[in-house]
1. How large is Rg over Rh for the stretch 99-195, taking Rg from the Cα atoms and Rh as the Kirkwood inverse mean of 1/r across Cα pairs?
2. Can you sort Asp63, Asp187, Asp117 from fewest to most other Cβ atoms within 10 Å of each residue's own Cβ?
3. Along the stretch 177-188, what does the Karplus equation 6.51 cos²θ - 1.76 cosθ + 1.60 (θ = phi - 60°) give for ³J(HN,Hα), rounded to whole Hz, x for Gly and Pro?
4. On full extension of the chain, what length is gained from Asp117 through Glu41, given 0.36 nm per residue of separation minus the C-alpha to C-alpha distance?
5. What are the residues whose amide H is under 5 Å from the amide H of Leu169, where those residues sit 5 or more places off or on another chain and H is modelled from the backbone?
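Every read-out reported here was derived from the displayed coordinates using simple, explicitly stated rules and does not represent laboratory data. Predicted model, so just to flag it, every value in this text is computed and none were measured. Every residue, glycine among them, receives a Cβ derived from its backbone with ideal geometry; neighbour counts consider all protein chains shown.
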Amino acid sequence: MSHRFVPILTRRPRSVALVVPLLALAVLGAAASCDDSVAPEEAERAEAARITGVPTSDRALLDQLVELRRVTAPHKSFSAAQAAGYNAQLTECMTNGAQGGQGFHYGKQSIIDASVDPLQPELLMYEPGPNGQMELVGVEYIVPFTVWTASAPPSLFGRSFHRNETFGLWVLHAWVWRQNPSGVWADWNPTVRCG
């Protein structure tokens, strides 16, 4: 039977014989490029869900956290974070016994004010490594008591900030780079160490 197809193909005009395979390749290429554009977004969403513990069914919140991870990803490099203005060490490496740690807090002082922006956290939290390297583990949003005049606390991601009397700040943590068994919004992370 294959011998019968060869003469038929050779009898077709050359342009038709070339157009059909080229059209098939174009369709396959378009389908592949569509898959490529969807797959990375889904992979990012799955990774954000794994790290934060936010269920994939909460798509709106998860998409916000994916975007937060995208804008803070360059700050995984400590030197890049410092170059971007996160160069003020505001705390030593912080721990709280069995509750865990927070790491060092590096702030971008130019954005510590009365406004909050989900894509511009005021602080980045870093865990020190054994060789002095710093690992980005989460972010913290802060508003000084002295500049917040509204009766309700600031809020982001559908969460209200809470008071930190020690530092005189409204605060909200987001553990978007290190899993936290206590939850993505918890103050302390049992997996973060200071040494």
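1. Working: Rg = 13.4 Å, Rh = 13.8 Å.
Radius of gyration over Kirkwood radius for the stretch 99-195 works out to 0.97.
2. Working: Asp63 14, Asp187 19, Asp117 10.
Going from sparsest to densest Cβ surroundings: Asp117, Asp63, Asp187.
3. With the stated coefficients, the stretch 177-188 comes to 10, 9, 4, 10, x, 7, x, 4, 9, 5, 5, 10 Hz.
4. Details: separation 76, 0.36 × 76 = 27.36 nm, distance 2.24 nm.
Result: 25.1 nm gained on full extension.
5. Placed amide hydrogens put Phe145, Asn164 under 5 Å from Leu169.
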